[in-house]
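The values are calculated or read from the model by the stated rules, or taken from the named source; none is laboratory data. Just so we're clear, the structure is a prediction, and the values are computed from it rather than from any experiment. Backbone-built Cβ (ideal geometry, glycine too); neighbour counts: all protein chains shown.
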Amino acid sequence: MEQIGEDVPPCEGDLLGLLVAERPELRRLPAGLLTREHKAAELEHVAVLKARLAAYEAELVLGLADETPDDLDPPSGGTST
């Protein structure tokens, strides 16, 4: 099982490990079977899912950044190539 956080109680760590290991499956309907209205509704749903996924990705990146030592940051004032 994957290592969760050191500050997470064991029972919560077990639950988090299970949730991380068991990813929900994306269910979708074949587009050819959908009406025009259903396709429009599905496109709206996809937009919501993308926004949620982008927010989750940003949360994960910020979480990793918080846990990364500052000495690994590039020096300020330097030029990027």
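The listed residues are Gly13, Gly17, and the only one of them that is small (Gly, Ala, Ser), surrounded by 11 or more Cβ atoms within 10 Å (Cβ to Cβ) and modelled with pLDDT of 80 or more turns out to be Gly17.
Note on region 33-70: residues that are of a type in the set (Ser, Thr, Tyr) and either touching a strand residue (DSSP E or B) at 6+ places or on another chain (Cβ under 6 Å) or not in a loop (DSSP other than H, G, I, E, B) (or both) amount to 1. The sole residue among Glu6, Glu57, Glu37, Glu44 that is at pLDDT below 95 and among the acidic types (Asp, Glu) is Glu6.
For region 16-32, the set of residues classified as in a helix (DSSP H, G or I) and within 20 Å of Leu49 (Cα to Cα) consists of Leu19, Val20, Ala31, listed by residue number.
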